[in-house]
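Q: Can you keep this structure in mind? I'll have questions shortly.
The values are calculated or read from the model by the stated rules, or taken from the named source; none is laboratory data. Note that the structure is a prediction, hence the values are computed from the model and not measured. Cβ sites come from the backbone with ideal geometry, for glycine too, and all protein chains shown count toward neighbours. Surface areas here come from the heavy atoms of the whole protein model, side chains and all, with no ligands, DNA or RNA. Shrake-Rupley method; radii C 1.70, N 1.55, O 1.52, S 1.80 Å.
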Amino acid sequence: MRLRKRLISLPLYAVMTGLVCFLPGGCGSVQKHDENLLIVNFRKDQPLRYQMTSTRRTTLVVQDASTGKKQGSQQETVESLEMVITYKPVKVDPFGVTQIEGTCESVKVNRNSSSGKNPTTSDALENLKGKPFTLELSPSGKIEDFKPLEKLLFDAGSTAFDNSRKDMRVKNPDMIYDFVALQWYLWDSIASVPNPMAGVTPGMTWKNTQLIAWPVPIPQPPCRITTFTLDSVKEENSQQKAVIKSTYQLSDKTAAGFPQPYEGTFMMRGLFGFLQNYQFQSLAGQGEQIFNLTTGTVESDVQEYDLVAKAAFLFHLGTSIPYLTVHQTFSVKLLENR
């Protein structure tokens with residue numbers, strides 16, 4: 001008899017079938033007749049350590065609006081973030097809210113510019129090293145309460161400002177939004193399943209709207225439409241693993257329900273200090289997540305996309321139009337606990 005694999009992400013189904021499991025995290029698969037029900041949850045006695053990275057290459061090209069010809073030489077900035085985060089389940093409730101505590105064991109940001117004007121100060125995000133934060137997750141894996149994390153990010157964001165000038169607030173570049181995106185991306189593939197009780201079989205697709213880690217705080221942050229596909233379920237080392245593919249395109253929606261790490265008005269330092277009125281034109285890319293269905297954990301996740309945006313100079317420069325191309329890569333890898 002051929003088994004039909006399904007990915008279930010709601011504890012109500014487990015209750016209906018006499019199971020006690022919770023998503024996200026991990027419990028093994030449970031067979032019922034001809035179905036292989038794959039239910040995932042956190043285990044209170046099992047912290048998870050992840051290495052997370054974000055790399056962004058931003059290229060600025062100026063074109064003449066009337067001729068379309070390139071003006072001057074292009075400028076390029078490369079930013080990279082590497083961190084290790086441990087997630088420790090504090091309270092696991094199969095029927096309600098699960099609370100986890102995250103701790104940034106290490107946070108390192110590097111930034112280089114083709115202009116040679118590299119920052120002399122540390123990135124504000126590096127202030128998170130060693131500081132714990134809590135998140136509360138719904139039974140479907142959605143982050144419901146992030147107030148403690150928002151407070152931590154606000155405190156970190158306040159260190160991004162140069163207070164030496166009295167006439168204006170100047171903000172140094174930082175990768176706080178990259179950190180935010182990585183937290184929300186981690187469980188989105190499961191949390192966004194629209195009808196979890198029906199399961200997800202290989203070949204099926206579902207969508208979610210996700211934050212784009214745009215390096216400039218703007219009133220309406222851009223979003224992408226992510227299409228997930230359960231590509232296959234494979235066996236490796238006697239464990240069942242789901243291969244979840246993803247593709248991305250630009251969304252006309254704006255981000256909502258995310259931490260706000262800054263307040264007030266300010267001017268950006270560096271490349272983005274001379275630009276305004278961003279118009280996001282296109283986004284394309286793909287990714288792949290490996291989800292261990294036997295242990296109930298995300299083992300790895302890689303995302304890569306290109307974003308094109310049109311902007312305007314802060315000061316009028318005739319027919320010169322700046323265009324930005326952003327090549328973004330995110331990666332997540334499960335590490336062995338110490």
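Q: Quick test of your reading of the structure: N127 fulfils all but one of (1) outside any strand (DSSP E or B); (2) modelled with pLDDT under 90; (3) not aromatic (F, W, Y). Name the failing condition by number.
A: N127 satisfies every listed condition except (2).
Q: Filter region 179-202 for residues that are of a type outside the set (S, T, N, Q) and surrounded by fewer than 19 Cβ atoms within 10 Å (Cβ to Cβ); which is nearest to N292 (Cα to Cα)?
A: Step by step, filter region 179-202, then rank; the result is P202.
Q: Collect the residues in region 234-277 that are among the aliphatic types (A, V, I, L, M), open to solvent by 30 Å² or more (accessible area, probe 1.4 Å) and either under 28 Å from N208 (Cα atoms) or touching an Asp or Glu at 6+ places or on another chain (Cβ under 8 Å) (or both), keeping them in residue-number order.
A: L250, A256
Q: Kindly establish whether F291 is outside any loop (DSSP other than H, G, I, E, B), open to solvent by less than 40 Å² (accessible area, probe 1.4 Å), among the aromatic types (F, W, Y) and over 30 Å from V193 (Cβ atoms).
A: The answer is no for F291.
Q: Continuing with this model, one more query. If I filter region 304-318 down to residues being closer than 24 Å to P222 by Cβ, of a type outside the set (F, W, Y) and open to solvent by 10 Å² or more (accessible area, probe 1.4 Å), which single residue comes out as modelled with the lowest pLDDT?
A: This residue is L314.
To keep it simple, each residue is scored yes or no on (1) modelled with pLDDT under 90; (2) touching a strand residue (DSSP E or B) at 6+ places or on another chain (Cβ under 9 Å); (3) outside any loop (DSSP other than H, G, I, E, B).
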site	(1), (2), (3)
K241	no, yes, yes
K245	no, yes, yes
Y248	no, yes, yes
K253	yes, yes, yes
T265	yes, no, no
F280	no, yes, yes
G285	no, yes, yes
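Q: With respect to T205, is the statement that it is surrounded by fewer than 16 Cβ atoms within 10 Å (Cβ to Cβ), in contact (Cβ under 8 Å) with a residue 40 or more places away in the chain and farther than 25 Å from F274 by Cα true?
A: The answer is no for T205.
Q: For region 68-96, which positions are open to solvent by 30 Å² or more (accessible area, probe 1.4 Å) and either touching a residue at least 60 places away in the same chain (Cβ under 8 Å) or in contact with a Phe, Trp or Tyr (Cβ under 7 Å, 6 or more places away or on another chain) (or both)?
A: Q71, Q75, V92, D93, P94, F95
Q: Something else: Considering only region 237-273, state which residues are of a type in the set (G, A, S) and within 18 Å of P173 (Cβ to Cβ).
A: Selection gives G264, G270, G273.
Q: Let me ask something else. Inspect all residues belonging to region 218-233 and state whether any of them is surrounded by fewer than 16 Cβ atoms within 10 Å (Cβ to Cβ), out of contact with any Gly (no Cβ under 9 Å at 6 or more places or on another chain), outside any loop (DSSP other than H, G, I, E, B) and not hydroxyl-bearing (S, T, Y).
A: Taking every residue of region 218-233 in turn, none turns out to be surrounded by fewer than 16 Cβ atoms within 10 Å (Cβ to Cβ), out of contact with any Gly (no Cβ under 9 Å at 6 or more places or on another chain), outside any loop (DSSP other than H, G, I, E, B) and not hydroxyl-bearing (S, T, Y).
Q: Here's another thing I want to ask about it. Between a first residue in region 131-150 that is free of Cβ contacts under 8 Å to residues at least 60 places away in the same chain and a second residue that is assigned to a loop (DSSP other than H, G, I, E, B), which pairs have beta carbons less than 6 Å apart while being 6 or more apart in sequence or on different chains?
A: Here the result reads L135/F146; E136/V97; E144/S138, each pair linking region 131-150 to a residue that is assigned to a loop (DSSP other than H, G, I, E, B).
Q: List pairs: first in region 224-245 and over 14 Å from T205 (Cβ atoms) and polar (S, T, N, Q), second at pLDDT below 95 and not in a strand (DSSP E or B), Cβ under 6 Å, 6+ apart or cross-chain?
A: From region 224-245, the pairs are Q239/T294; Q240/L293; Q240/T294.
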